[in-house]
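Each remark here refers to the structure printed beneath this line.
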Amino acid sequence: MEIKLVKGDITKISVDAIVNAANSSLMGGGGVDGAIHRAGGKIIHDECMKIVEKQGGCPTGEAVYTSAGNLPAKFVIHTVGPIWYGGKRNEEDLLKSCYINSLKLAENLNLKTISFPNISTGVYHFPKEKAAKIAIDSVKSFSSKNIETVYFVCFDEENYQIYLKMLS
Ligand code: AR6
């Protein structure tokens, strides 16, 4: 798998699946979640509500998928990152699970390209350097038959600089 770094808005990226940093309710919210629901349209919310009816939401560290509505992507993989409580509530393993479970879903859907935002580093306050290391290590540890390219999409300059350094 090739890793590529992009700075910008994940809703604009044309890949097989974009990953959403959602919350357990799958109802949408602010940040990247809000941007994806706004740009993708109502179908994403409707499909999320079907998942909620069936399994009662999405637990932290796990991932589910919907179609992508008006987005250039084919699917949205919704994963729920951990809220940072100082590192004593298994946050690091839960963040790793977000990346691995999203990749497993993409693999099972036979997808070739997937893009990740910097999960948990916004309102969930996961330290950015720690989160970037976990994201990169998780992706590098994942062996895949189908996925060819993984994009890390950094929206804020701070994350972009951290990824630039860690990937060079
Ligand atoms: N494209 C790519 N990345 C973005 C975009 C975008 N359009 N907008 C923001 N980011 P956050 P979290 C980056 O807060 O910390 C929501 O309300 C942003 O710079 O979106 O996992 C959910 O509903 C940051 O680096 O997600 C949850 O309740 C990263 O996305 C909660 O926030 C993650 O920031 C999840 O919190």
I need a count of the residues in region 2-19 that are buried (at least 16 other Cβ atoms within 10 Å of the Cβ) and part of a loop (DSSP other than H, G, I, E, B).
3
Filter result for the condition that a residue is in contact with a helix residue (DSSP H, G or I) (Cβ under 9 Å, 6 or more places away or on another chain), surrounded by 16 or more Cβ atoms within 10 Å (Cβ to Cβ) and farther than 24 Å from Lys96 by Cα, over Ala63, Ala22, Ala39:
Ala39
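Is it the case, given these coordinates, that Asn70 is in contact with a Phe, Trp or Tyr (Cβ under 8 Å, 6 or more places away or on another chain) and either under 22 Å from Ile13 (Cα atoms) or assigned to a strand (DSSP E or B) (or both)?
no
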Restricting the search to region 44-67, which residues are part of a helix (DSSP H, G or I) and either touching a strand residue (DSSP E or B) at 6+ places or on another chain (Cβ under 6 Å) or of a type outside the set (Val, Ile, Thr) (or both)?
Ile44, His45, Asp46, Glu47, Cys48, Met49, Lys50, Ile51, Glu53, Lys54, Gln55
Scan of region 93-123 for residues that are within 15 Å of the ligand (Cβ to nearest atom), touching a residue at least 60 places away in the same chain (Cβ under 8 Å) and over 12 Å from the mean Cα position of the chain (by Cα), ordered by number
Gly122, Val123
Could you tell me how many of the residues in region 110-126 are within 25 Å of Gly8 (Cβ to Cβ) and surrounded by fewer than 16 Cβ atoms within 10 Å (Cβ to Cβ)?
3
Those residues of region 51-92 which are of a type outside the set (Phe, Trp, Tyr) and in contact with a Pro (Cβ under 9 Å, 6 or more places away or on another chain) amount to Thr60, Gly61, Val80, Gly87, Arg89, Asn90, Glu91, Glu92
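Just so you know, all these numbers are worked out from the coordinates, no wet-lab data involved. These numbers come from a predicted model, not from an experiment. Note that we place each Cβ from the backbone using ideal geometry, even for glycine, and neighbour counts take in every protein chain shown.
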